[in-house]
Amino acid sequence: MVTGEMKKDVIVKFGGDEKNTGDSKVQVALLTARINDLQAHFKANPKDHASRRGLLKLVGQRRRLLKYIKNRDINEYRQLIAELGLRK
């Protein structure tokens, strides 16, 4: 589970300031942390289809945010996916 301390660390790392939670990079990083956490949950609970739907919604939201960042600044997009370890 993503704790409050983990969220603060991610926000400061990608947003620069603790209050900069609305930045697209911060949102993508937080979604990635939640997605990675859910992947561990599904290894233990493979039949949890209700949570799987939530995971797919998170993945779709992250994809849309990444598309927005890519259209705005391609270098920022490349740097972000490299830092998060996403395949693209």
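In the range 34-88, which residues are of a type in the set (Ser, Thr, Tyr) and open to solvent by 100 Å² or more (accessible area, probe 1.4 Å)?
Across the range 34-88, the qualifying residue is only Tyr68.
Does Lys25 fit the bill of being open to solvent by 60 Å² or more (accessible area, probe 1.4 Å) and modelled with pLDDT of 95 or more?
no
The values are calculated or read from the model by the stated rules, or taken from the named source; none is laboratory data. None of these values were measured; they are calculated from a predicted model. Ligands, DNA and RNA are stripped out before the accessible areas are found, and what is left, the full protein with its side chains, is counted by its heavy atoms. Shrake-Rupley method; radii C 1.70, N 1.55, O 1.52, S 1.80 Å.
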